[in-house]
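Okay, so here's the structure we're looking at.
The numbers here are math on the coordinates, done by the rules we state, and not lab data. The structure displayed is predicted, hence computed values, not measured ones. Every residue, glycine as well, gets a Cβ built from its backbone with ideal geometry; the counts of neighbours run over all protein chains shown.
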Amino acid sequence: MAKLTFLGAAGCVTGSKYLVEAAGKRLLVDCGLFQGTNELKDRNWKPLPVDPKQIDFAVLTHAHLDHTGWLPVLVKDGYRGPIFANPATIELTEILLKDSAHLQEEETEHAKFKKYSRHAEPRSLYTPEDVDPVLKQLKTMPRSGGFDISPQFHVVSFDAGHILGSSSLELTITEGGKKIVVVFSGDIGRYGQVILKDPTTPTSNADVLICESTYGDREHEEGDPAELLAQIVNRVVKRGGSIVIPAFAIGRTQTFMYYLHQLEDQQRILHLPVYVDSPMALSATDLYIKHKEDHDLEFVREEGSDGKGDPLNVHEFHLTRSPEESKAINNVKTPCIIISASGMVSGGRVLHHMVQRLPDARNAVILAGFQAEGTRGRALQEGAKTLNLFGQAVPVCAEIVEMGQFSAHAGKSELLRWLTALPAPPKQTYLTHGEPEAAQALQAAIQERFKWKAAVARYLDTVPLDG
Ligand SMILES: [Zn+2]
């Protein structure tokens, strides 16, 4: 009996992990970190209901930490099998996991020093040393088309248009001469965005569909992103403030860079220094040049040019790697833009920038990504007057701007557009990767529009895949 267990991203947007058991083998699809409320984060410390030694294979839809960030624990707990992913996902996973381990270490040190942790003895979930064995287990699979994980499991990848390398996976299980098709949407991106390609919908008839529902109850704000960004930048510069954008160094950061570059060239904004502050900070340009198949950018690189041919870097662009360089940004009193992780202000160096910049009404914080329940990002979005940072209540005086136009996730109608392109109704649909209201809203929309059977996935539930 083929079956699937929801080990995460059920009733919440993080911790994506799906265990497929069929034909005597176990396959783990994604291995994400839980983020957000303490209740969710505590799950990261609990062992899986299945011994990782008993899992045979793993495969990744994309590199975001809520899909990969628990891999170091899985491997520490005994998983020795291959972790399949396409080249861009492997490269990004390496960067993200190292960054995550570094940040956890920096935070643990800080918590020990300042004694504000809710744990008696603060420690990190994993260290940079725990990341190395994971990297050795990452195995390349093709960016598109079919790939045999094993005689039982065959996957076909489709570009999900969410970040570099992001995929929807169509899994065909062969069990006792029978074939079962399970489609994993992964995270679905946007249609008609700059940089990344449009999402593509898998083409086979699915027996079971596992579909994300992050924005299942919402549309993104309308409006020209360039114009809105120009207005914010000019408003903040005029009053002598700075802008903090919580985001990881790769992905949304390049969308901002792309628009800022364009606005600078068109002289619609001043040339501002932009700091990308991360222990793993790197110029993402090379990554985008290497993975051309995922986007529609053109790079014109000339020797000695001032970066004009590089659409992803603004004219004054700084990468900061060490904690000292990061702290030095505090001394920048002239208007600047600081991009720093984490995107939901749940941890990372952006916390220090928040302490520094939030109390000043001249500054602005741009929230562009999904802000999960229980995160500081959500609190800011909901108008919090103070924010708890390093054990102190920091007043929120800075302007908080939400820019859904920069979201990497499909809005409700884009999710429905992706679903409309499926060749036939799945026999069963499970909605995951959404908070309860979002998942339920998408469930209702699917039942109303398509008349399909759709259920909201429940954490740790096991469901049959073969009817
Ligand atoms: Zn994602």
- Item | Local net charge near A10, Cβ-Cβ under 12 Å (Lys/Arg +1, Asp/Glu -1) | 0
- Message: Taking the alpha-carbon distance from K290 and a cut-off under 27 Å, which lysines remain once sequence neighbours fewer than 8 residues away in the same chain are dropped?
- Response: K98, K136, K139, K197, K308
- Summed side-chain charge close to A410 - residues other than A410 whose Cβ falls under 12 Å, Lys, Arg +1, Asp, Glu -1: -1
- For an R0 of 56 angstrom, estimate the FRET efficiency from the Cβ-Cβ distance between K76 and R235 and round to the nearest 0.05. 0.75
- Note on the structure: Reduced to Cα centres, the span from segment 245-276 to segment 1-55 in Å works out to 36
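Which entries in K333/K385; K25/K76; K41/K112 show an alpha-carbon gap greater than 27 Å?
Those over the limit do not exist; all pairs fall within it.
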- Using a cut-off of 13 Å between beta-carbons, work out the net charge of the residues near V355 (Lys and Arg +1, Asp and Glu -1, V355 not included). +4
- Whichever lysines have a C-alpha closer than 21 Å to that of K451, once near sequence neighbours (fewer than 8 apart) are set aside: K412, K427
- Estimated Rh, segment 1-96: Kirkwood, alpha-carbon pairs, angstrom: 13.4
- Full-stretch length increase - M1, T174 - with 0.36 nm per residue and alpha-carbon distance subtracted: 61.1 nm
- For an R0 of 30 angstrom, estimate the FRET efficiency from the Cβ-Cβ distance between E437 and V463 and round to the nearest 0.05. 0.85
- Note on the structure: Note to self, the chain gives a 222 nm [θ] from helices alone (DSSP H runs n ≥ 4, -39500 (n - 2.57) apiece, / all residues, nearest 500) of -8500 deg cm²/dmol
- Task: Using R₀ = 45 Å, calculate the FRET efficiency as 1/(1 + (r/R₀)^6) where r is the Cβ-Cβ separation of K327 and A421; round to 0.05.
- Result: 0.40
- Semi-axes, largest first, in whole Å: what does sqrt of 5 times each Cα gyration tensor eigenvalue give for segment 225-406? 27, 17, 16
- Task: Please work out the C-alpha center-to-center distance from segment 133-170 to segment 330-380 and express it in whole Å.
- Result: 34
- Note on the structure: Expressed in nanometres to one decimal, the distance between label points 7 Å along Cα→Cβ at R143 and E221 is 3.3
- Note on the structure: With label points set 7 Å from each Cα along the Cα-to-Cβ direction at L135 and R362, the distance between them in nm comes to 4.2
